[in-house]
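Here the structure comes first, spelled out in structure tokens, and everything after it is commentary.
The values are calculated or read from the model by the stated rules, or taken from the named source; none is laboratory data. As the structure is a prediction and not an experimental result, all values here were calculated from the model. A quick note on method: Cβ atoms are made from the backbone with ideal geometry, for glycine too, and the neighbour counts reach across all protein chains shown.
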Amino acid sequence: MKFVENSRRIALRSYSMWANYLGLAVLIAPEVIYGLSDIDTNPRLWWIIGIGLILFGIVGRLVSQGIARSPGIVALAALFLAMGQWFAAPPPPPVEHASKYSQAEFLAVAVPLIGEWEGLRLEAYQDIVGVWTVCYGETRGVRPGDRYSAAKCRALLAERVVEFQTGWHRYLTAETKGTRLSSHRDAAFTSLAYNVGISGAGKSTATRRLNAGNIAGACEAITWWNKAGQRVVRGLVRRRAAEYDLCMRGVV
């Protein structure tokens, strides 16, 4: 029994059906892109395009059935137009208040931030892959039975934080380093690099937006790094939220 006459022909040739197919494909596109290339893209953009295509398919199908003037169709069309205008409208330009800061000021923000999320272990232990680890994830020269003081762990973390900061800064333009960083924003991005790797943070949309002068957009893109194993992780959501709040300091 067929639910619709000529269902196969409609499924293959109807523009409204193809709009629905494309809409569904667009909704899963960011996951596919991230899984294949580790490139993060804006999920909001994909969602808007996907829902827009699906709405277009629904409206198109109803139009082809001769009921385009019903109140429901008018409401769907109005919703689609509103979404398009909302997406097309440029965001208000951010007001940046970056100032010069010392390395000590940077570390005063970055070390507590990263330390809070990495967790402190004073005795050496083997991680899930068998590597001997201590303090805030330190592995260099760690041997079974090693025990460190909290002060020593904090000093080691500060050294590692500077390494990640230096590595991430290689991806920044001179203008970004001179005018778009504050100690808080630098700490937020360095925390991201410490968590996802220098290359991951440096090549991310967040860093590209920062170099382009889109400070608010760069801070927003930090929050996209909330997945592990293709799944959103609550702990990463909270960490990204803390980094976002620091990144947005001074942006109105």
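Which residues, taken from region 100-138, are free of Cβ contacts under 8 Å to residues at least 12 places away in the same chain, part of a loop (DSSP other than H, G, I, E, B) and either of a type in the set (Val, Ile, Thr) or surrounded by 12 or more Cβ atoms within 10 Å (Cβ to Cβ) (or both)?
Ile128, Val129, Val131 - these are the residues of region 100-138 that are free of Cβ contacts under 8 Å to residues at least 12 places away in the same chain, part of a loop (DSSP other than H, G, I, E, B) and either of a type in the set (Val, Ile, Thr) or surrounded by 12 or more Cβ atoms within 10 Å (Cβ to Cβ) (or both).
Would you confirm whether any residue within region 217-229 is more than 14 Å from the chain's Cα centre (by Cα) and buried (at least 16 other Cβ atoms within 10 Å of the Cβ)?
There is no residue in region 217-229 that is more than 14 Å from the chain's Cα centre (by Cα) and buried (at least 16 other Cβ atoms within 10 Å of the Cβ).
Of everything in region 151-173, what is among the aliphatic types (A, V, I, L, M), under 24 Å from the mean Cα position of the chain (by Cα) and not in a loop (DSSP other than H, G, I, E, B)? Give them in sequence order.
Hits for region 151-173 are Val161, Val162.
At pLDDT below 95 and not hydroxyl-bearing (Ser, Thr, Tyr): is that true of Arg234 in this structure?
Yes; evaluated as a whole, the condition is true for this residue.
What residue, of Gly178, Gly213, Gly229, is in contact with a Pro (Cβ under 9 Å, 6 or more places away or on another chain), more than 29 Å from Gly141 (Cβ to Cβ), assigned by TED's automatic domain parsing to the domain that holds Ala108 and modelled with pLDDT under 95?
Among Gly178, Gly213, Gly229, only Gly213 is in contact with a Pro (Cβ under 9 Å, 6 or more places away or on another chain), more than 29 Å from Gly141 (Cβ to Cβ), assigned by TED's automatic domain parsing to the domain that holds Ala108 and modelled with pLDDT under 95.
Among (1) surrounded by fewer than 18 Cβ atoms within 10 Å (Cβ to Cβ); (2) under 13 Å from the mean Cα position of the chain (by Cα), which single condition is Ala193 missing?
Only one criterion in (1) surrounded by fewer than 18 Cβ atoms within 10 Å (Cβ to Cβ); (2) under 13 Å from the mean Cα position of the chain (by Cα) is unmet by Ala193, namely (1).
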